[in-house]
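Working notes, beginning with the structure itself.
The values are calculated or read from the model by the stated rules, or taken from the named source; none is laboratory data. Only a predicted model underlies this, so the values are computations on that prediction, with no experimental measurement involved. Cβ atoms come from the backbone with ideal geometry, glycine included; neighbour counts cover every protein chain shown. Please note that ligands, DNA and RNA were not included when accessible areas were found on the heavy atoms of the full protein model with its side chains. Shrake-Rupley method; radii C 1.70, N 1.55, O 1.52, S 1.80 Å.
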Amino acid sequence: MNRSKKRERKRERVSLVARRILPSSAGPGRVLRAVDRLERWPGPDGLIIRMRSAVRAVPMGPVRDVLHGRWLGHPLHPLMVQVPVGTWLSAAVLDLMPGRRRGARTLIGVGLAAAGPAAVAGWTDWAELPREQQRVGLVHAVANIAGVSLYAGSYTARLRGREALGKSLGLAGLSVVGAGGALGGHLAYRQASGANHAEQVPHLVEPGWHRIGDVSEFPVGRAVRRRVGEVPVMVVRETENTVHVLADRCSHMAGPLSEGEIADGCVTCPWHGSVFRLADGWNVRGPATSPQPAFDTRVVDGGVEARLRHLAAEAEAEAGAA
């Protein structure tokens, strides 16, 4: 009987601790609510506007697209941060082992050297984000700057033989960088920063040809917005019977391409300036890192029909196999 009461009291204590620590099932947890409030807080907007203008004014030329990761097909920044985070975490492990001072110090130095290029790529992406994401991204950057400063202090202390101080500063730096990384995860996975915002198109468009209107409805050289099933598309008639159709929502941040400028066989997104080729949706210039879904078109009895290009290729391959 006494054992049963002890087990019951233990379960009650565990339940109480869980309720205090874990988010309530009835709504978002405290951390998530705090970050959601940060997204809506206009306090840093004046600073954000000035910093965004400064980043955009840097004369990078084609290097800007390299830093965006257009050549890679997704943002470069998350890939680059693996080096400093990995080396600093490894240094923390070595700090727990005797006789590994030199190895830990070397790893911290490598992380410090890699942090700069990763930050440059991150700021380049940050300047082309919506305001809600820029607010979170600014705090993410501040946390990382604080973490780098702590690691710089740790490296200096170790060079001077003050190992205890170096380890303490390193542990503090890892904690701050971890908090910054959590905000980076919020940016990437909750706010979809850097995600392909046109990825869902192939999953929403039914195979086959879809009539989108009469040829006369599409003025030459002007973008017109239509729908293919549930998907908004941008239609541009180049000549009498040459019609281009792209998914309307930009792959970068879902900007309306049909409101963008048409010139030199390309369309420029009105939100962040990504440039896509009308003929095949290829992203000629960033910050978009993914091409725009493109449609094959044909004119039948005075009407324009479209089908998603890769779905058409799959259908033809299946027919050939049969």
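Quick one: plug the Kirkwood hydrodynamic radius of segment 198-322 (C-alpha pairs) into Stokes-Einstein at 37 °C, 0.692 mPa s, and report D in µm²/s.
Numbers: Rh = 14.5 Å.
It diffuses with D of about 227 µm²/s by this estimate.
Just tell me the longest site-free run in the chain, where the sites are chymotrypsin sites (Phe, Trp or Tyr not before Pro) in a DSSP loop having at most 13 other beta-carbon atoms within 10 Å. Can you show the working numbers first?
Numbers: sites that count: 71, 282.
Formally, the longest exposed-site-free interval is 72-281.
How many percent of the accessible area of segment 123-256 is carbon or sulfur, using a 1.4 Å probe? Before the final figure, lay out each step's value.
Working: 3400 of 6110 Å².
The C+S portion of the solvent-accessible surface of segment 123-256 is 56 percent.
Counting pairs of alpha carbon atoms under 8 Å apart in space and at least six apart in sequence, what relative contact order in percent does the chain give? Each step should come with its number before you reach the end.
On the way: 488 pairs, mean separation 44.2, N = 322.
Dividing the mean separation by the residue count of the chain yields 14 percent.
What's the Kirkwood radius of segment 51-163 in Å, using all Cα pairs?
Values: mean 1/r = 0.0648 Å⁻¹.
About 15.4 Å, per the Kirkwood formula over Cα pairs.
Taking only protein heavy atoms into account and a 1.4 Å probe, give the accessible area per residue of segment 25-170 in Å². It would help to have the intermediate numbers written out before the result.
On the way: 7950 Å² over 146 residues.
Accessible area per residue: 54 Å².
Where the convex hull is taken over the Cα atoms of the chain, what is its projected area averaged over directions, in nm²?
Values: hull surface 108.7 nm².
So the Cα hull casts an average projection of 27.2 nm².
Going out from 0 in 10 Å bins, what whole percent of all Cα-Cα distances in segment 111-163 drops into each bin?
Bins of 10 Å from zero give 23, 42, 23, 10, 2 percent of pairs.
If you stretched the chain out fully between residue 82 and residue 204, how much longer would it get, using 0.36 nm times the residue separation minus the C-alpha to C-alpha distance? Don't skip to the answer; put the middle values down first.
On the way: separation 122, 0.36 × 122 = 43.92 nm, distance 3.42 nm.
Length gained, residue 82 through residue 204: 40.5 nm.
Which sequence of 266, 250 reflects their accessible areas, 1.4 Å probe, from the largest down? If you can, show how the numbers build up before the last one.
Numbers: 266 20, 250 0 Å².
Reading off the accessible areas and sorting them downward yields 266, 250.
Check which residues have an amide H placed less than 5 Å from residue 266's amide H, if you skip close sequence neighbours.
278
If you build the convex hull over the alpha carbons only and average its shadow over all orientations, what do you get for segment 213-275? Give it in nm² to one decimal. Write out the running numbers ahead of the final one.
Working: hull surface 16.3 nm².
Mean orientational projected area (segment 213-275, Cα hull): 4.1 nm².
Can you list the DSSP H helices in the chain whose Cα atoms extend at least 20 Å along the helix axis and whose mean Kyte-Doolittle hydropathy is 0.0 or higher?
Working: long enough: 2-21 (29 Å, -1.84); 101-126 (36 Å, 0.36); 131-159 (42 Å, 0.17); 163-185 (32 Å, 0.97).
TM-like helix candidates: 101-126, 131-159, 163-185.
So what's the back-of-envelope 222 nm ellipticity for the chain, counting only DSSP H runs of four-plus at -39500 (n - 2.57) apiece and dividing by all residues, rounded to 500?
Values: 11 runs with 163 residues, N = 322.
Per the formula, -16500 deg cm²/dmol.
Mind checking which of 246, 76, 169 has the largest fluctuation in a GNM of the chain, springs on alpha carbons under 10 Å?
169
How do 240, 132 rank by accessible surface area computed with a 1.4 Å probe, from largest to smallest?
Numbers: 240 120, 132 90 Å².
In descending accessible area the options line up as 240, 132.
Would you mind getting me the FRET efficiency between residue 263 and residue 145? Use the beta-carbon distance for r and R0 = 35 Å, nearest 0.05. Could the numbers behind the result be given before it?
Details: r = 40 Å, r/R0 = 1.14.
E(calc), rounded to 0.05, equals 0.30.
Using just the alpha carbons, could you tell me how many Å³ per residue the convex hull of segment 107-242 encloses? Each step should come with its number before you reach the end.
On the way: hull volume 20.8 nm³, N = 136.
Measuring per residue, one finds 153 Å³ for the Cα hull of segment 107-242.
Each residue of segment 231-241 in order: what ³J(HN,Hα) in whole Hz does its phi give by Karplus 6.51 cos²θ - 1.76 cosθ + 1.60, θ = phi - 60°, with x for Gly and Pro?
9, x, 10, 9, 10, 10, 8, 8, 9, 3, 10
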